[in-house]
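One structure below.
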Amino acid sequence: MAAPKAHPREPRRMDAGVLGTEIGSFRLHLAAEGKAPKTIRLYTEAAAWFAAARLLGQAGKTSWEQAGRRDVQEWMAWLLGKYSDAYAGNQYRALQQFFKWLSAEEDLPDPMAGLQPPHVTAGLVPVFTGAELARLEHACAGRGFAERRDAAIIAVFKASGIRLSELAGIRYHPDDPRRSDIDLWQREITVRGKGGRPRIVKISYDAARAVDRYLRARARHPQAWRRQLWLGTGNRGPLTASGIYQAVTRRGRQCGVPVWPHRFRHHFSHTWLERGGPEGDLMELNGWSSPQMLARYGASARSARARRTYDRIMTGTP
């Protein structure tokens, strides 16, 4: 979900009490539908937060039948007063899925029927400048394990634009290609996107070389037998998505570059479109099923691309 506004947050009340039974059933439903663990967590936490903070806390209601349209509206107004509109919008959509399921499952009125989600003002994610990428590369310079690992992580993000969860899930086995997601000779990596759907992405020669350097350092790691590609320093095991996020942002702070994993996805999409890459191929590489994602991820530097296109088209001799 989108990040909340940058100010201290109160701990979220998540104890749904007597309303928790239905949330547990909703969780089982989502799992049976094959939803990703992250999706299940986000949807059920949105329902639990609404139940604990609004229904039980503010309204004193103890059953889902008592939840009404006004409860949802006042809850959204409260969220919009404390968090970004994007974050409130994500909470709205998650809660909407819960009430759709509850309405169909228990034949109850849906209190969100006919409501409109909060208007979200799209914020543009800045693409990296050449100087910023050079500083990031310099921040990872060195032959130590952490330096080579972080250099490889950033190189793969830059070259492929894959999601954080996809990068964290890459498997590696030095002797069995069937159990490894990496083919450095072909410069290909198999990743698993939303819903566990596999796809193959390409990486650049520079990224392949960075991964190769990391693999040589990884071979000497005490836990090199692990099937996960990315390992922690010292004797630590595999990095989680959170660990990778922290490693990337730490390198950014080290060199003064605002960086988080998803920024690379916007940068990759912008670079692809700026260089005239086909939109359909970008959808395939990024694992998108909806053309709407092209507009969202291509918006970061659309104006700059348009101005460069103008120079290419209009400054030539007729």
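The values are calculated or read from the model by the stated rules, or taken from the named source; none is laboratory data. What you see is a predicted model; the values in this text were computed from it and never measured. Neighbour counts are summed over all protein chains in view; Cβ atoms, including those assigned to glycine, are modelled from backbone coordinates with ideal geometry. Areas reflect the complete protein model, heavy atoms only, side chains present, ligands, DNA and RNA absent. Shrake-Rupley method; radii C 1.70, N 1.55, O 1.52, S 1.80 Å.
Structural remarks
- Scanning region 237-258 turns up no residue that is at pLDDT below 95 and of a type in the set (D, E, K, R).
- Candidate set: region 161-197, residues that are within 24 Å of W260 (Cα to Cα) and in a helix (DSSP H, G or I); chosen: the one most open to solvent (accessible area, probe 1.4 Å): K194
- Tally, over region 53-108, of residues that are closer than 21 Å to K38 by Cβ and either open to solvent by 30 Å² or more (accessible area, probe 1.4 Å) or part of a helix (DSSP H, G or I) (or both): 17
- Scoring A141 on the criteria (1) more than 20 Å from A210 (Cβ to Cβ); (2) open to solvent by 30 Å² or more (accessible area, probe 1.4 Å); (3) more than 25 Å from the chain's Cα centre (by Cα); (4) not aromatic (F, W, Y) leaves a single failure, condition (1).
- Any hit, region 172-192, residues being at pLDDT below 95 and in contact with a Gly (Cβ under 7 Å, 6 or more places away or on another chain): yes
- Inspection of region 267-284 identifies no residue that is of a type in the set (K, R) and either under 19 Å from L167 (Cα atoms) or within 19 Å of the chain's Cα centre (by Cα) (or both).
- Selection count, region 192-223, where residues are touching a Lys or Arg at 6+ places or on another chain (Cβ under 6 Å) and either over 30 Å from W288 (Cβ atoms) or of a type in the set (D, E) (or both): 2
- Residue pairs meeting the criteria (Cβ under 7 Å; at least 6 apart or on separate chains; first over 18 Å from L184 (Cα atoms) and surrounded by 12 or more Cβ atoms within 10 Å (Cβ to Cβ), in region 210-233; second aromatic (F, W, Y) and at pLDDT 95 or above): H221/F145; T233/F145
- Within region 285-318, the set of residues being assigned to a loop (DSSP other than H, G, I, E, B), modelled with pLDDT of 75 or more and open to solvent by 100 Å² or more (accessible area, probe 1.4 Å) comprises S289 only.
- The condition (being part of a helix (DSSP H, G or I) and surrounded by 13 or more Cβ atoms within 10 Å (Cβ to Cβ)) is satisfied by just one residue among G277, G252: G252.
- For M112, the criteria (1) open to solvent by less than 10 Å² (accessible area, probe 1.4 Å); (2) out of contact with any Pro (no Cβ under 6 Å at 6 or more places or on another chain); (3) not in a loop (DSSP other than H, G, I, E, B) hold in every case but one, which is (3).
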